[in-house]
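The values are calculated or read from the model by the stated rules, or taken from the named source; none is laboratory data. All values derive from a computational prediction rather than experimental measurement. With ideal geometry, Cβ positions are generated from the backbone for all residues, glycine too; neighbour counts draw on all protein chains shown. With ligands, DNA and RNA removed, areas are computed over all heavy atoms of the protein, side chains included. Shrake-Rupley method; radii C 1.70, N 1.55, O 1.52, S 1.80 Å.
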Amino acid sequence: MTTIEAMVFWGFLLVYGVVMYALSPRSRTAESFYRGADDQGNPVGQWSLTASLFISWIFAKSVTNAANLGAAYGVVGGLAYASYWLSIPVAGYIIYLIRTQTGARSLQDFLTSRFGRLAALAFAAAVLIRLYNEVWSNTAVVGGYFGRPGEWPYYTAAMLFTLFTLAYSLKGGLRSSIFTDVIQAVVFVFFVGAVLFLILPANGPGALLGSGEFRLEAGFDLLLVALLQLFSYPFHDPVLTDRGFVNKEKTMLKSFVVAGLLGFVAVFIFSLVGVHARLNGIDAMGNAPAAVGQSLGLAALFFMSVVMMTSAGSTLDSTFTSLAKSLAVDLPRLASRARERLPSLRLGAVVMVVFALLGNLPMFAGTDILKATTISGTMVMGLAPVFLFYSVTRWSPWSFHLSFWSGLILGVLLAVGLIPASWAIGDGKYGLLLGVNAWGFLICTAGFFLPLLLRRLAGRSLAAGEA
């Protein structure tokens, strides 16, 4: 970085942290800190919830991945990654059904009532792993705009960003997170528009949208993976699902639908940054937004960094608040049947501080941020039958465990390279991932229904014996 560049980037980082802390509201009650209500106990408004869902799920690593896939496969890659945002309306509708049909006040309540406390604990463990990964994978992206991994500016920027986000998260919890999400959503949309304005003159809409082919080996296999994971991926992310229980059912559903569609459009548009790199021969080097920004000059690179900072901030503050709720509220209730009374704000604050420190350790070790999406989505494929077919049973712990653990085992085997190549569908880079998700969905579904089938057969045998 030149001196001017350093002043611009470090100056914005400092201003961003101060402004977010100054504007975020302070929570004085547990209801506000853990559930986002205002001082009078009123729930989150529809449009605030919509903006929060929209921006908190647009992770810094996600828009980076979308642009990288656009660089690799054209619009097919962008569509593949943007399709994950269609899981927001899917999750919203299923949560709507769960709330109206079962009266559950959280996914843990729902799982406990249908599949037992062990099922809810297994689910909570998957949630915590997901949240842990969200810390380092977003701060690392921000650090990448200040230096390379291994350099002091990279780590300093990432840790300063963590500190600033932690400060306003401690101040207001979920209420502060949702309030700042609205600001971050506006800033994000403005600067994405500015980036699009810079790249359109170089290629034009026709060239950008015409890049890529719908073939399995050209990124279409990843698009199919995303469509398969629509029914499982969103449920292991409390950043999303916690917001499904903070307002009335119909208001919540509208917010989820609108936010999902807006997110799909926004992520696809940003993937065109990568398509621009593809068309102009720009080496993405694993970070297409930064590469394109550098090729277009200081203004473009600054715009990219603002997009990353706002998207990372919205995700990181939501991650901190979800960790506080999971460890201070949900897990104690599961472990000891704690009372409905919410814990103190101090307990949630301690959780945030601990994970702000521990959550960045993988960044110092060095890890691939793309795997945080594809591998974790595969490991939780067993959640799809649980949430799609829950209404066929009133009580069946084995249905959950056979489905959930089958998916987890397949995900682990894929991660360590023990899935045979014969499982692959097509010859593309993501052919094996597609095969594991396709066959895995069938295996997990069979696992879910097997106890129900055996119970029915046993009932018929007993009835026949009595006759």
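Cβ-Cβ distance of L163 and L452, R₀ of 51 Å, FRET efficiency by 1/(1 + (r/R0)^6): the value works out to about 0.50.
Here the chain is treated with +1 on each Lys and Arg Cβ and -1 on each Asp and Glu Cβ, and its dipole about the Cα centre works out to around 1460 debye. Taking the centroid of alpha carbons for each part, region 424-441 and region 1-41 are 42 Å apart.
Candidates (1) 22.9, 76; (2) 21.6, 61; (3) 22.3, 90; which is the computed Rg and Dmax of the Cα atoms in Å? Correct label, based on the coordinates given: (3). Dipole orientation for the chain: of the candidates S169, V75, G41, G41 has the Cα lying most toward the positive pole (charges on Cβ; Lys, Arg +1; Asp, Glu -1). Computed from backbone phi, the HN-Hα couplings of region 307-318 come to 4, 5, 5, 5, 5, 5, x, 5, 6, 5, 5, 5 Hz, rounded to whole numbers (Karplus: 6.51 cos²θ - 1.76 cosθ + 1.60, θ = phi - 60°; Gly and Pro given as x). Backbone geometry of region 235-244 corresponds, through the Karplus equation with coefficients 6.51, -1.76 and 1.60 at θ = phi - 60°, to 3J(HN,Hα) couplings of 7, 9, 10, x, 3, 8, 6, 4, 6, x Hz, x marking Gly and Pro. Mind running the shape call on region 94-184? Use the C-alpha gyration tensor, a ≥ b ≥ c as the square roots of the eigenvalues: rounded below 1.5 for a/c, prolate if a/b tops b/c, oblate otherwise. Here region 94-184 falls in the prolate category.
Proximity of backbone amide H atoms, modeled 1.01 Å from N, is registered between G382 and G407, L408 at under 5 Å, excluding neighbours fewer than 5 places apart on the same chain. Whole-Hz Karplus values for region 8-20 come out as 5, 6, 5, x, 5, 4, 5, 5, 4, x, 5, 5, 4 Hz, taken residue by residue from phi with 6.51 cos²θ - 1.76 cosθ + 1.60 and θ = phi - 60°; glycine and proline positions read x. Rolling a 1.4 Å probe across the protein heavy atoms gives the chain an accessible surface of 40 Å² per residue.
Against the chain, whose longest principal axis is taken from its Cα atoms, helix 46-56 shows a tilt of about 70°. Within the accessible area of region 1-94, the carbon and sulfur atoms contribute 65%, probe 1.4 Å, all protein chains present. Between the residues A284, L200, I409, the greatest Cα displacement towards the positive end of the dipole of the chain, with unit charges on the Cβ of Lys, Arg, Asp and Glu, is found for I409. Structural descriptor for region 278-332: relative contact order 17 percent, calculated from alpha carbon pairs under 8 angstrom and at least 6 residues apart.
Against the compact-protein benchmark of 2.2 N^0.38 Å, the Cα-based radius of gyration of region 152-198 scales to 1.45.
Relative to the longest principal axis of the Cα atoms of the chain, the long axis of helix 117-143 lies at roughly 10 degrees.
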